[in-house]
Amino acid sequence: MTRVVVVGGGNAALCAAIAARECGAEVLVFERAPYETRGGNSRFTGGGMRTCYAGTEDLMKLIPDLSSAEIENSDFGSYSEDDFYFDLSRLSHNRGDLDLQEKVVGESFSTLCWMQQKGVRFLPAFRRQSFKVDGKQTFWGGLSVEVNGGGAGLVDALTNFAVNDGISIRYDSRVTDLAQSRRNGRVDGVVVNGDVVGCDGVVLACGGFESNPMWRAKYLGPNWDLAKVRGTRFNTGDGISMAMDIGAMPRGHWSGCHSVAWDMNAPDFGDLDVADEFQKHSYPLGIVVNSSGRRFIDEGADFRNYTYARYGAEILNQEGQLAWQVFDAKTKGMLRGEYLHRQVTSVTSSTLEGLAKAMSDVDVDGFFDTVSRFNASVCTDVPFNPAILDGRSADDGTVPKSNWANAISDPPFEAYGVTCGITFTFGGLHVDSEARVIAESGSPIPGLFAAGELVGGLYYSNYPGGSGLTSGAVMGRTAGRIAAGVLS
């Protein structure tokens, strides 16, 4: 029987393990984290998964218990392969690997259907991805599906299926090296906790280097060692390092990453009790100011799905690596659920003066000037509609707000303190569309495959929300099947 070793413990690793087992292989999974903090970055996510769908009928294949009331009172729209491919291409400035992008797009829906058959339960993303417009929950941005229970629910569902299917998962097991056959160079084992475990193929799915402050400073640049890590502390680049040690080719945007607005008082690494609730993603509904009291981003440049992954870097570039998101009573009821979390850093006041004084390290005069000029410039003759790019703009003389502009004028006023939270890094290994790791020579390294966040070349500069879990699942499933000897 073919033996496949999978290194990692998140969504990509578990999909690889299940797919290899489905093809008849014996499968061993080694996860560096202990059982209590298992699941890699996947466990810290909200569970949103971007996928193509033609309409409600397709969504019902993923969500068979979608109620008639939910269907009647929702506008799910559609999201074609062309839409998905266009979003991947435009956000990466057409630098992304076309074969990888086509793979992820073309197999997104079928892979989610496969996951649903393996026990993953999907739900409409009502809480995060829709606004009520004319009495209907209207979805936007091509991300309509999330996993029941978020990232924890995803990891638990896949883990339960894997264990029940006879897959061995060993926690607290750090893989540090790959073994190769002297005869043909094939990867035929791993070194785990100092011992060699033999196999016929290895799938690396153990994340990028976002939890390694030295690598962040080296590859991402100054001050990136100060960023908070949204997820697991165990993604320190092990898989990338051990593959490059045997001649794997690096690829992708090594100075780029996925980073977001994150609570300024969050811990240095992710907290599983809070998961992704430290994020603050309703900024399109308000304004964001730095310590000088000035706006520095276009909060309404695009849907949140298409800007949030690069605005963390913008916050990191501000003095003190901090900012404040400011809202008034008009949009208070539209803020996402994470703003209600008890561990939120926020201030409230019935006056703008009181709010300005309460925001620590913010220049009061600069803030007043910003709000005054912003309020005066709001294009009030354009109706506000958060479910579309409504063109309701403003320009305070610093940067424009292209959509969803409303004057900060109705008390009570609220502000939320944020810093930069890094999710994952974009630089990684050169991997082809069959999940084979490519050597510096340009040929695949026999017996070595990779999936998930250590795959380089898929994302450059930015990222469409929900595509990370999807790409990890697609490439993980592919890696498992190919490693087990069955072509996709």
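The values are calculated or read from the model by the stated rules, or taken from the named source; none is laboratory data. Quick caveat: nothing in here was measured; it's all calculated off a predicted structure. Cβ placement follows ideal geometry from the backbone for every residue including glycine, while neighbour counts extend to all protein chains displayed. Quick note on the areas: whole protein, heavy atoms, side chains included, nothing else; ligands and nucleic acids left out. Shrake-Rupley method; radii C 1.70, N 1.55, O 1.52, S 1.80 Å.
So is Asp177 open to solvent by 20 Å² or more (accessible area, probe 1.4 Å), touching an Asp or Glu at 6+ places or on another chain (Cβ under 9 Å) and part of a strand (DSSP E or B) or not?
Yes.
Considering each of Val364, Val260 in turn, give the residue that is farther than 23 Å from Phe424 by Cα and in contact (Cβ under 8 Å) with a residue 12 or more places away in the chain.
Just a single option satisfies the conditions, and that option is Val364.
Can you tell me which residues in the stretch 408-431 are surrounded by fewer than 17 Cβ atoms within 10 Å (Cβ to Cβ) and either over 30 Å from Gly46 (Cβ atoms) or of a type in the set (Phe, Trp, Tyr) (or both)? Don't jump to the end; show me each part of the working.
Residues of the stretch 408-431 that are surrounded by fewer than 17 Cβ atoms within 10 Å (Cβ to Cβ), as a first pass: 409-412.
Hits for the stretch 408-431 are Ser409, Pro411.
Can you list residue pairs whose Cβ atoms sit under 8 Å apart, with the first residue in the stretch 341-353 being under 17 Å from Thr419 (Cα atoms) and the second being at pLDDT 95 or above and part of a loop (DSSP other than H, G, I, E, B)? Count only pairs 6 or more apart in sequence or on different chains.
Partner pairs satisfying both residue conditions: Gln343/Asn265; Gln343/Ala266; Thr345/Met264; Thr345/Asn265; Val347/Met359.
Would it be correct to say that Gly476 is touching a strand residue (DSSP E or B) at 6+ places or on another chain (Cβ under 7 Å), open to solvent by less than 20 Å² (accessible area, probe 1.4 Å), at pLDDT 95 or above and not charged (D, E, K, R)?
So Gly476 does not fit the description; no.
Within the stretch 432-466, count every residue that is surrounded by fewer than 23 Cβ atoms within 10 Å (Cβ to Cβ), in a loop (DSSP other than H, G, I, E, B) and among the charged types (D, E, K, R).
3
May I ask you to verify whether Arg251 is in contact with a His (Cβ under 7 Å, 6 or more places away or on another chain), farther than 23 Å from Trp324 by Cβ and open to solvent by 50 Å² or more (accessible area, probe 1.4 Å)?
So Arg251 fits the description; yes.
Any residue in the stretch 111-139 that is under 22 Å from Gly337 (Cβ atoms) sitting within a Cβ distance under 9 Å of a residue that is of a type in the set (Phe, Trp, Tyr) and open to solvent by 50 Å² or more (accessible area, probe 1.4 Å)? List the pairs, counting only those 6 or more apart or interchain.
Final answer for the pair search is Val120/Phe161; Gln137/Phe126; Phe139/Phe126.
Tell me, yes or no, whether the stretch 320-333 has at least one residue that is over 19 Å from Ile408 (Cβ atoms) and basic (Lys, Arg).
no
Within the stretch 137-157, can one find any residue that is open to solvent by 40 Å² or more (accessible area, probe 1.4 Å) and more than 19 Å from the chain's Cα centre (by Cα)?
yes
Quickly run through the stretch 110-122 and pick out the residues that are in contact with a strand residue (DSSP E or B) (Cβ under 9 Å, 6 or more places away or on another chain) and open to solvent by 40 Å² or more (accessible area, probe 1.4 Å).
Result: Gln116, Arg121.
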